[in-house]
Every structure is written in C-alpha cells, then in structure tokens.
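Just below is one structure, and these are the notes that go with it.
Computed from the coordinates by the stated procedures, all read-outs in this text should not be read as laboratory data. On a predicted model such as this, the values are computed, not experimentally measured, just so you know. Cβ: placed from backbone, ideal geometry, glycine included. Neighbour counts: every protein chain shown.
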C-alpha cells in the first residue's frame, strides 16, 4: 500500500527544494578535476565538464567570471554552487576557476601571457619611471605577511619622511585578485593621489602566487593612472602582475630598495663629496707654492747672471790694470828711463832689479 | 615657514653640490676656499642630521576590500 505520508511535489517545487537543500548543505564547494568539452556560447556563456576517474560533472559560468584561460585537459579547481537546472540536469554554477597543479598553472600562465602580450600590456613603451624620492606611496599587501614586514623594515631602515598608506588585502586564494583590484581602484580614486602604488607578496607555491596571474588584476595594474611597482614571490618567480607593472621588483625587500634611496649611502656620498674638496684645495695651494718657488728661482737666476756679468767685467778690468803695472813691464825685460834725453845729460835707467845712472852721448831720429 | 627658512633635504643637497662645484670652477679663489669649505661642512652635517631624524608615517588606511 502506498505511503500517503510521502512528500508529493510538483516538478518545479521539487527542483526548488533540491536546490534549497543543496544550498543549505553546500553553499559553496571547491571541486578539483580535469576540464573537458570546454566551449563558449554566444561569447557570453562558458560550459565545460569537470571529470576525474570517479565521474564527470557539468559546469556553467559567464565569460566575465573566467579570469584565467582554461582549455581541455587542464586540471582546475572551481569554486561553485551545486544546482539542479529546470531541465533536471545537475551542474555546478562556477564563480571562480583557477588552474591546479604545476602543469595547468604554467599552461594557463602562458595562454594569458600570450594574449596580453599581443594586446601590448607588457610593452616597454608603456612603462613609466617612478619618482626618485617619493613622499607619498600606497602599499597593497597583507599586513600579516612576512613580505610586508620585510618591506616596512627596509623602508624604515633606508629612508624617512615618507607617507605610506597601506591597503590590507588577501594575497592568495580565490578572493585575492578581486581585493587587490578594489584596492587599486581605491587608491586611484583618492583626491590626494599617492605617487606610487606598491603591490607586494612574499614567496609561496605556484598556486599561492597564481592570484597575481589573474586577468582582471593584470589589466587593472596596467590601467592604473598611478605608476606601479610590483614585487611578488622570490627572485625566480615571475607573475603577469610583475610584467604589467611599470617597475618589477624581484622581492618585497627589493621593492623597498627600488622605492626609496638609502639615507646611509647618501650620508656616505655627502662625506665623500666633502672629502674630495680638501685634495683639490691642497692641489691649488701646492700649485701656488710651486709658482712662487718658480718665480724666486727665476729671480735668483737673474741675480746670479748679473753677478757673473759684473764679476767678469771686474776681472777684465783687473787684468788690464795688472798689465798696466810698470813693474810687470820691467819683468818682461823693458827698462824705465827717467831724465832729459839730450846729449851730455845724465839719465836714470830702471830695470826690474837694478838702477843704472848713465850719460846720454848721442840722440838721433829713427 | 617658507622653504627659504626651512630648506628641504633636496634643497640642501642641491646647495651642497653647488658649493662643491665651486671648488672645481674658474671662480675658485684660494682666499675664499676656507669659508666655502666651512659652509659645505656645516651643510653636510645638517643633511646627515635631517636624514637620521626623519621617520616614516605608515598607516593602514583600509583593511577591507571585499566589496566592489
């Protein structure tokens, strides 16, 4: 006999009750599987199956919700609500889909990279320089993350007088891209615009960092009217957010180093500048001294030359005087005659060593 | 206070560069060098003190961005 206590419902009510029950039991589920039969209808609606060795389930979402490229064969995790459609077909209404596993993450990364590269989002011509010494910056990161602590520590070690407006966001997980997008919009809409927006996140697994390969986020970074500096992960990690940024930092610490100068280095530079002046002054003093010395040497040379000239003149004069000395003439055998030269007169003849008195006997012309 | 009465670090650094450049310029005079050097030394000390005294102001201006 039929149990009259059984619940009897119309089809529509049954579907509504099932969905109500599903919503109560599983308001949101994450399901991991491989994509199959991926297709986009009318450029708006995305359909695919998610399958593994245990079965297959249909998935539905809109194109606008699809933030990373997927294709058949890729392993993904969907965040979805289970639903029974009015045609009695069970499906997952997907809100977020993200690649899972290294291979899928890489594949998705490459697909989106190629697409955005083609649009010119990563072109060098789009890159803007950051201010040399900013006074007001915005930082988008998780204030609980180690990367944020490193960033702030290095900023404080290197520089001062900086206004840092921090927007706290999740930096991993399904909600992270939207939160970062909202933070970017927030800072870009401020009346007192920061000079730079810094987006940072420390190291993590490829899955942790996948938030920074979200298409909307990458586009928002590229569209930011405030120049952006992005430092995500370790040196080896490259995200699409990095590539769209005006300046890429290898790590959050590196972002701090790029953002502000090092005051200790400036102090050392000032000391070096000051120190460089003394040798210059010493050089000029040495040049002046050398000039004075040269002039003195020249004066001495002139005095010496004049002295030699006078000395030479005096020596010649002495030689002449010496030659005129009558005793010198007598030494050479000549004789000095004194007295009147006339026949019969007596004269005195002086030789070098004798005096002769003689009488003049004859005088005639030669 | 006007910038003239309270010059910034950048202004002081520019002034220091100008003073240092004088030592290499044609305007250099040995008689004035000592005064210029003293001025540069004083400025360098001020820059160092200013740099060490400055502190950053870090503020979490918003901690919820979940709503569009």
*Does the stretch A:124-260 come out rounded, prolate or oblate by the C-alpha gyration tensor, with a ≥ b ≥ c the root eigenvalues, rounded set by a/c under 1.5 and, if not, prolate when a/b is larger than b/c and oblate if not?*
rounded
*Over the stretch A:303-359, calculate the relative contact order: mean separation of alpha carbon pairs under 8 Å at least 6 apart, over the residue count, as a percent.*
21
*Angle between the Cα long axis of helix A:263-324 and the longest principal axis of chain A, 0 to 90 degrees, nearest 10?*
10
*Between helix A:176-188 and chain A: long-axis angle, C-alpha atoms, 0 to 90°, nearest 10*: 60
*Highest-fluctuation residue, A:227, A:82, A:279 considered, GNM on chain A with Cα pairs under 10 Å*: A:279
*Taking every pair of alpha-carbon atoms in the protein assembly as shown, give the share separated by more than 30 Å as a whole percent.*
67
*Taking the alpha carbon gyration tensor of chain B, what are the square roots of 5 times its eigenvalues, largest first, to the nearest whole Å?*
41, 12, 10
*Pop the C-beta distance of residue A:298 and residue B:26 into the FRET formula with R0 = 35 Å and round what comes out to the nearest 0.05.*
0.85
*Just the Cα atoms of the stretch A:58-200: what Rg and Dmax do they give in Å?*
19.6, 65
*Per-q log10 I(q)/I(0), the stretch A:185-243, q = 0.13, 0.24, 0.26 Å⁻¹ (Debye; single scatterer per alpha-carbon; no solvent)*: -0.34, -0.97, -1.07
*What residue among A:199, A:356, A:70 has the largest mean-square fluctuation in a Gaussian network model of chain A, using Cα springs under 10 Å?*
A:356
*asked:* Quick check: the angle from helix A:11-25's long axis to the longest principal axis of chain A, C-alpha only, nearest 10 degrees?
replied: 40
*Over what distance in Å are the Cα centres of the stretch A:113-153 and the stretch A:18-48 separated?*
34
*When you look at the Cβ of every residue in A:279-292, what mean number of other chain Cβ atoms sits within 10 Å?*
2
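Just want to confirm a number: the relative contact order over chain A, from Cα pairs under 8 angstrom separated by 6+ residues, in percent.
11
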*If you wrap a convex hull around the C-alpha atoms of the stretch A:224-366 and split its volume per residue, what is the figure in Å³?*
347
*Along its principal axes, what span do the Cα atoms of the stretch A:218-281 show, with the longest given first and each in whole Å?*
57, 27, 15
_Separation of alpha-carbon centers, the stretch B:8-34 and the stretch A:226-291, rounded to whole Å_ = 22
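Using a/c under 1.5 as the rounded threshold, could you call the stretch A:1-63 rounded, prolate or oblate? The axes a ≥ b ≥ c are square roots of the C-alpha gyration tensor eigenvalues, and prolate needs a/b larger than b/c, oblate otherwise.
Working: a/c = 2.55, a/b = 2.01, b/c = 1.27.
Cα axes put the stretch A:1-63 in the prolate bin.
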*Counting residues in the stretch A:11-100 as N, plug N into 2.2 N^0.38 Å and put the Cα Rg over that result.*
1.07
_Based on alpha-carbon atoms only, what is the radius of gyration of the stretch A:262-324 relative to the globular estimate 2.2 N^0.38 Å?_
2.57
*Have a look at A:351, A:127, A:39 and tell me which one the Gaussian network model of chain A (Cα, springs below 10 Å) gives the largest fluctuation.*
A:351
*asked:* More than 13 angstrom separation, counting every C-alpha pair in the stretch A:135-177; what % is that?
replied: 57
